[in-house]
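Heads up: the structure comes next, in structure tokens.
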Amino acid sequence: MEVQTEKVHIAAPIKESPVYALLRRPSLIDFPGRLCRVLFISGCNLRCIFCHNSELLHPRESTIPWTRLEDILAKSREFWVDSVCITGGEPTLNPQLKELIFWLKKRSFKVKLDTNGTRPDVLSDLLPHLDYVAMDYKAPLERYFSLTGCTPLETEKIRESVGILTGWNGTYEFRTTVIEGFHSDDDIQAICRELTGGKRYAIQGFVPLHDVQPAGGLPARRTPMSLMRKFHSLCQDHFQETIIRGA
């Protein structure tokens, strides 16, 4: 992951935003249909065995000052960027998230939130101010612990978040990173049942990091497209729209 970080010591903490890092270049895939900047917030409550942003698992004290963030986004507008994707880590853990969203909306940016769905109360509170939500759905709920370390309470909160999104009139998607050898046909079919009523479902492939030796039995190669297409065929009738991301 190529990220641009700003680590500046500020005497008055209030001048720092909750944003720890951002992608160097605008993204064409993180906010469907829009050119966006991707902002990373550190800290996560899950420990997914296939996490690509492991350096963001723990909250970081040093973040990007508001003034620097405003400068970056103002320059991005010159290159047709009109949207922002807030990701992590798990952004809903940060108490400044709502402040960040309001700050971005005041500057007329469309805002997308990536979340793991473990904080439905925060998600529900933020929905009126969001333009897009992408919720990761790692596996059937009964398998969450083995892949993420998710507690039973968090699993129930994920179920609650699914209900919140499927009842929302806004734009959202559920998405699963499928891993060869970890996800089966039965898993995909179970996910479809658990996400009944969902509008958009995205399947994306696991991509191993080039500089890290795969651990925990993870494959050393990308998820084969043949497996992605097979899973797509199993679930495409369950949602209004099903896509393979990265195809």
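The values are calculated or read from the model by the stated rules, or taken from the named source; none is laboratory data. Since we're looking at a predicted model, the values are computed, not measured. Counting neighbours? That spans all protein chains shown, and the Cβs are built from the backbone with ideal geometry, glycine included.
Worth pointing out:
- Test: residue in the stretch 202-221 that is at pLDDT 95 or above, of a type in the set (Gly, Ala, Ser) and surrounded by 14 or more Cβ atoms within 10 Å (Cβ to Cβ): yes
- Residues that are of a type in the set (A, V, I, L, M) and touching a Phe, Trp or Tyr at 6+ places or on another chain (Cβ under 6 Å), drawn from the stretch 128-168: 133, 135, 165
- Selected residue (criterion: nearest to the chain's Cα centre (by Cα)) from residues of the stretch 51-76 that are surrounded by 19 or more Cβ atoms within 10 Å (Cβ to Cβ) and either under 13 Å from residue 88 (Cβ atoms) or aromatic (Phe, Trp, Tyr) (or both): 56
Here is a yes/no grid of residues against (1) touching a residue at least 24 places away in the same chain (Cβ under 8 Å); (2) touching a Cys at 6+ places or on another chain (Cβ under 7 Å); (3) not small (Gly, Ala, Ser):
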residue	(1), (2), (3)
136	yes, no, yes
145	no, no, yes
149	yes, no, no
155	no, no, yes
161	yes, no, no
190	yes, no, no
234	yes, no, yes
239	yes, no, yes
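- Residues in the stretch 156-191 that are in a helix (DSSP H, G or I) and over 22 Å from residue 46 (Cα atoms) were compared, and the one that is nearest to the chain's Cα centre (by Cα) is 166.
- Tally of residues being under 23 Å from residue 226 (Cβ atoms) and loosely packed, with under 14 Cβ neighbours inside 10 Å across the stretch 156-181: 1
- Identity of the residue in the stretch 105-135, crowded, with 20+ Cβ neighbours inside 10 Å and among the charged types (D, E, K, R), that ends up farthest from the chain's Cα centre (by Cα): 119
- Filter pass, residue 153 being out of contact with any Gly (no Cβ under 7 Å at 6 or more places or on another chain) and either in a strand (DSSP E or B) or crowded, with 17+ Cβ neighbours inside 10 Å (or both): no
- Where residue 124 falls short, out of the listed (1) assigned to a strand (DSSP E or B); (2) touching a residue at least 40 places away in the same chain (Cβ under 8 Å): (1)
- The residue that is nearest to residue 125 (Cα to Cα), among those in the stretch 56-106 that are assigned to a helix (DSSP H, G or I) and free of Cβ contacts under 8 Å to residues at least 12 places away in the same chain, is 106.
- Check on residue 36, out of contact with any Ser or Thr (no Cβ under 8 Å at 6 or more places or on another chain) and touching a residue at least 12 places away in the same chain (Cβ under 8 Å): no
- Residue that is modelled with the lowest pLDDT, among those in the stretch 28-46 that are touching a Leu at 6+ places or on another chain (Cβ under 8 Å) and aliphatic (A, V, I, L, M): 28
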